[in-house]
Amino acid sequence: MTWGRDTDQHDAREQLKAYADAGGTLVDTAASYGGGESEKLVGALLDSAVSRTNLLIATKAGTRRTLGGRVDVSRKGLLDQLDDSLDRLDLDYVDLWQVDAWSDAAPMEETLAALEHAVTSGRARYAGVSNYAGWQTAAAAVHQRGVAGTQAPLVSTQVEYSLLERGVEREVLPAASRFGLGVLAWSPLGRGVLTGKYRSGTPADSRAATTHFAPFVDKYLDGRSAKIVDAVCTAADGLDALPLEVALTWVRDRPGVSAAIVGARTAGQLRDVLGSDDLELPAEIRAALDEVSAIEFGYPENR
């Protein structure tokens, strides 16, 4: 998400090579990231830094941040964005194409027909959704299953999921499990807050110190989040690990999660993330983190 704006081509190249060398395969971007600059940078690095054949390229359409955050999930809007994405990525197809958001302004059937067309026309290999509520996820999955001869059943849903944001456990994760959708967890580090970097203030080089990311981070600079961050840091001390390793491992191992999507700004941050690959959380630590970050369940989830 930061590539092309906060992360330049040199740092992005270093990240991509380190990621691929560590066995990473999924690279997720979006038409709206940096007004398209993220896709341009990914496209410039494919083959020149890492072979395209070794990566799964995922992108998203439907949200136009350069136009004040307008959501357009009409057939025309989505397919136009896909063509623009392919041009910026310099690709004939993407491996996973996702609708970035739900909108009542376009019929669900029209939105999903755009996904179907993208797959049948060869411009996308698989289709998914992002930031859908539980009922929206279920409705979309059922609809696609009911399309005779469909070549684009939904394979994934991308949602925010971390120790600071567990709302998807109420209905989204059960829906994804019921209909066989893999879960891609964005901001598994709580928009950077779970690294512990904000415990004593706002570092000058952090996202919270920028005008474009400050509102994004501020959501989790509250009392509840501070208690969870303290628990993560305590666990990290006991495991001789970094707080981000603990937080990331917690998400990675949650039921139904296919991948935790990290958005490192620098190669150094990415190296810290990659260090969590072999970490396993003891049952007692996982239970303690579950308890401190627990969300309320009630009717109709529990009855």
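Remarks
- Single unsatisfied condition, SER32 versus (1) under 18 Å from SER156 (Cβ atoms); (2) of a type in the set (Ser, Thr, Tyr); (3) in contact with a helix residue (DSSP H, G or I) (Cβ under 7 Å, 6 or more places away or on another chain): (1)
- VAL246 satisfies every condition listed in (1) assigned to a helix (DSSP H, G or I); (2) within 26 Å of GLY34 (Cβ to Cβ) except (2).
- Screening VAL155 with (1) at pLDDT 95 or above; (2) farther than 25 Å from ASN54 by Cβ gives one miss only, at (2).
- Given (1) under 20 Å from the mean Cα position of the chain (by Cα); (2) surrounded by fewer than 24 Cβ atoms within 10 Å (Cβ to Cβ), index of the condition VAL129 fails: (2)
- Taken residue by residue, the range 92-112 has no member that is touching an Asp or Glu at 6+ places or on another chain (Cβ under 6 Å) and buried (at least 21 other Cβ atoms within 10 Å of the Cβ).
- Residue match in the range 220-230 (condition: modelled with pLDDT under 95, of a type in the set (Ser, Thr, Tyr) and crowded, with 18+ Cβ neighbours inside 10 Å): yes
- When THR150 is tested against (1) in a helix (DSSP H, G or I); (2) among the polar types (S, T, N, Q); (3) out of contact with any Ser or Thr (no Cβ under 8 Å at 6 or more places or on another chain), exactly one condition is not met: (1).
- Between GLN151, GLN98, GLN136, the distinction of being in contact with a helix residue (DSSP H, G or I) (Cβ under 6 Å, 6 or more places away or on another chain) and of a type outside the set (Lys, Arg) belongs to GLN151 only.
The values are calculated or read from the model by the stated rules, or taken from the named source; none is laboratory data. Because the structure is predicted, anything quoted here is derived from the model rather than measured. Here Cβ is always computed from backbone atoms with ideal geometry, including for glycine, and neighbour counts include all displayed protein chains.
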